[in-house]
1. Between the DSSP loop rule and a limit of at most 10 other Cβ atoms within 10 Å, which GluC sites (Glu not before Pro) in the range 1-84 are left?
2. Once both labels are modelled 7 Å past Cα along the beta-carbon direction, what's the residue 92-residue 112 spacing in nm?
3. How far, in nm, would the chain grow between residue 32 and residue 240 when pulled straight, counting 0.36 nm per residue and subtracting the alpha carbon separation?
4. Which of the trypsin sites (Lys or Arg not before Pro) found in the range 177-230 are in a DSSP loop and have at most 16 neighbouring Cβ atoms, other than their own, within 10 Å?
5. Give me the percent of the accessible area of the range 8-61 that comes from carbon and sulfur atoms, probe 1.4 Å, all protein chains in place.
6. Under 20 Å Cα-Cα from residue 48, which lysines qualify once same-chain neighbours fewer than 8 residues away are excluded?
7. Once you've got the Cα coordinates, tell me which of 111/138; 111/190; 86/137; 169/195 are over 20 Å apart.
8. Nearest 0.05, what FRET efficiency do residue 231 and residue 191 give at R0 = 41 Å with Cβ-Cβ as r?
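The values are calculated or read from the model by the stated rules, or taken from the named source; none is laboratory data. Values in this document were obtained by computation on a predicted structure and should not be read as measured data. All Cβ positions, even for glycine, are placed from backbone atoms using ideal geometry, and neighbour counts span all protein chains on display. Calculation scope for accessible area: heavy atoms of the full protein, side chains included, ligands and nucleic acids excluded. Shrake-Rupley method; radii C 1.70, N 1.55, O 1.52, S 1.80 Å.
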Amino acid sequence: MKKEKETLERLDKILAKAAALSRKEAKRAALDGRVTVDGVVVTSPEQKIPLASEVCLDGRALTVREHIYLMMNKPAGYVCSNDDPKSPNVFSLIGSEYKKNGLFTVGRLDKNTTGLLLITDDGPLAHFLLSPKHHVKKRYFLKAKYPLTEADKEAFLAGVDIGEKKPTKSALLEICGDGYSAYLTITEGKFHQIKRMLEARYNKVVFLTRTEFGGVKLDPSLAPGGYRPLNENEIKVLKSVEKYS
Ligand code: URA
């Protein structure tokens, strides 16, 4: 992955990302003398500065980052791509504080699946997290139409046939007390994977939500449709995800 400290970026662009400002607000802040770079006031928004610089806005140090990393609590009814004109997409929920045309979701959740969705403009990291080679864990909470059994648990651990060339990779099913709901941790992301895994056991998913991705948990304070930037620790966890897989 590219080292952030080697990279130069326009001050207004940095400010917009780090302080969640529009480009216009970022330009204004610099022109008004509210911004310092390594202790020196910089009033030209177009000036290119190294990403390793200490940038302060109104005396408050900002975390300068090359990329945007967001977590969203995806609501039901939204799709993860913008090539389906008939359905609203998750990008329409993101406000103008983020320049949206470089953003994409890290993998996709089905239209009726809810929960943790990572959104970024960091292609190499997304590629890493989605590569089947890296076995990144994704944890879901599901409700099934029929009771879940120990035999399902064993079948998922061994791998089931969902009509692909190979059976699914070993997955952990943790059945809850009611017998119908469970947590399921998978390390792949095939189309409709969990729905197809339950179908392979003659069962059916009636509710599905993602609770965790690569060691990052959905923030319980996010309402459906809500999003926030990942914090430093969450970014660190994702970037060192091999430890968790
Ligand atoms: N598996 C599914 O079937 N759907 C999702 O949205 C995610 C995993």
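1. On the way: sites: 4, 6, 9, 25, 46, 54, 66; in loops: 46, 54, 66.
Passing sites in the range 1-84 are 46.
2. 2.0 nm
3. Numbers: separation 208, 0.36 × 208 = 74.88 nm, distance 3.93 nm.
Full extension from residue 32 to residue 240 adds 70.9 nm.
4. On the way: sites: 190, 195, 196, 201, 204, 210, 217; in loops: 190, 201, 204.
Passing sites in the range 177-230 are 190, 204.
5. Numbers: 1440 of 2860 Å².
Its accessible area is 50 percent carbon and sulfur atoms.
6. 2, 3, 5, 13, 17, 24, 27, 99
7. Values: 111/138 18 Å; 111/190 15 Å; 86/137 31 Å; 169/195 15 Å.
Table pairs above 20 Å Cα-Cα are 86/137.
8. Values: r = 31 Å, r/R0 = 0.76.
So, using R0 = 41 Å, E works out to roughly 0.85.
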